[in-house]
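So the structure is just underneath, and the comments pick up after that.
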Ligand code: GLY
C-alpha cells in the first residue's frame, strides 16, 4: 500500500493507494471520532460496491445511511445538491458526522460540495471507484456543481479528511473508462514528470491490462505530483494551473459535444492540440509531440470521440476558467516533463491546431 500526504497547512490528509485500502476504513473513522456516516454514491456503483462499504461501516459500529444519485454528470446540478442536502438532513449528519463519497468524479464533486455547505462544512472522505477520480478529482478539494451553461461554475475548495483509493474497486470499471483515464496520467507525465513518462513507456501493456503491481506506483506518482502542486497553490493562483495542460481545448471539446466526450479522451485530444500550438510557436521540439502521441496511442487515445464542429469547439474556448482579464492563459509544454503556465496564443493559431487535430481524429469519431 502506498501512502501520500497532501501537506496543506492546517489540514494535511492522507491518500492511501493499494488493493484492499478499504480495510483501513474502520480505523480511519475511529481516528476521526465519526459519530455517523452518510454514504453518497450513484446507482451503478451502489449495485456493485454498496454491500462491501456497509460491511466495513458495520464493522466500525457506525450508524450509516446511503443515498444513490442517478449516474452521470446531470446529478451535479442545483436540483442534485438539494437532494443531497435533504439526504444529509434526514441522515441526521451533525458536526460529528462524516460524508463518504463512493464513486467517480461526479459523485465526489457533488458529495464534497454538499459536505462543504452542510452546516457550513462537515468532514468528508473520498473512496474513488474510477481511475480518473483516483489520479485526479479525489485529491485537491475542488468540489462543485454545474449550471446550465458552465461546468463546475458553483463550488468550493473543501478538502477531504482522507482518500482511500482501493485498486480492487477498479475491477468493475468498464474498459473504455479505464483507458480514457490515461489521458490524465499522460498529462502528468508530459507536463510535470519525465520519469513517469519513461515508466509509462516501459509498462504500457501491463498498465493497459490493469496489472496492479504496475498500476499502484503509477497512481501513487500521479497523486504525489498533484499533492505537491495543491500543497503550494490550493486556490489555483499559479502553479496548480499546470494541471490544466490539455484542458483548455479539452474542456471546450467536452462543452461542444454536449458533455458526451469522455473527459480523459477530450484531454488527450486537447493535449495534442496544445502541443501542436506550442510547436507552432517554437516553444517545444517535434520530438516532444511525437513522444506524447506515442504515449497516448499506447492507451488507445484519443480514440473515438463524438463528432463535433470545429467552430463549436473554438467558440467554447473563451469560456475557460483559466481566463484572466479576458485573455486565455495557456499551459504550454516546453520539454518532456516540463510545462509552463501563462502563455497567450493568437486565435488563428488555436483555430489551425484545433482544426488539424480534429480532422486527424475524425476517422475514429463516434456518430454525433
Ligand atoms: N483537475 C485539476 C485540479 O484539480 O486542479
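The values are calculated or read from the model by the stated rules, or taken from the named source; none is laboratory data. This is a predicted model, so every value here is computed, not measured. Cβ placement follows ideal geometry from the backbone for every residue including glycine, while neighbour counts extend to all protein chains displayed.
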### Query
What number of residues within the range 126-146 are part of a loop (DSSP other than H, G, I, E, B), more than 13 Å from the ligand (Cβ to nearest atom) and touching a residue at least 60 places away in the same chain (Cβ under 8 Å)?
2
### Query
Conditions: (1) within 22 Å of the chain's Cα centre (by Cα); (2) more than 16 Å from residue 181 (Cβ to Cβ). Residue 135 meets all but one. Number of the miss?
(2)
### Query
From the list 172, 150, which residue is touching a residue at least 12 places away in the same chain (Cβ under 8 Å), within 16 Å of the ligand (Cβ to nearest atom) and more than 22 Å from residue 8 (Cβ to Cβ)?
150
### Message
Exactly one condition in (1) in a helix (DSSP H, G or I); (2) within 16 Å of the ligand (Cβ to nearest atom); (3) within 30 Å of residue 53 (Cβ to Cβ) is false for residue 234; which is it?
### Response
(1)
### Task
With respect to residue 189, determine if the residue is more than 16 Å from the ligand (Cβ to nearest atom), modelled with pLDDT of 95 or more, assigned to a helix (DSSP H, G or I) and buried (at least 22 other Cβ atoms within 10 Å of the Cβ).
no
### In the range 33-47, the residues that are in contact with a strand residue (DSSP E or B) (Cβ under 6 Å, 6 or more places away or on another chain) and buried (at least 16 other Cβ atoms within 10 Å of the Cβ)
34, 36, 37, 38, 39, 40, 41, 42, 45, 46
### Task
Examine the range 250-260 for a residue that is within 15 Å of the ligand (Cβ to nearest atom) and in contact with a helix residue (DSSP H, G or I) (Cβ under 6 Å, 6 or more places away or on another chain), and state whether such a residue exists.
yes
### Residues of the range 253-268 that turn out to be surrounded by 22 or more Cβ atoms within 10 Å (Cβ to Cβ) and under 16 Å from the mean Cα position of the chain (by Cα), as a count
9
### Task
Please find, among 236, 216, 175, 224, the residue that is more than 24 Å from residue 334 (Cβ to Cβ) and surrounded by 16 or more Cβ atoms within 10 Å (Cβ to Cβ).
216
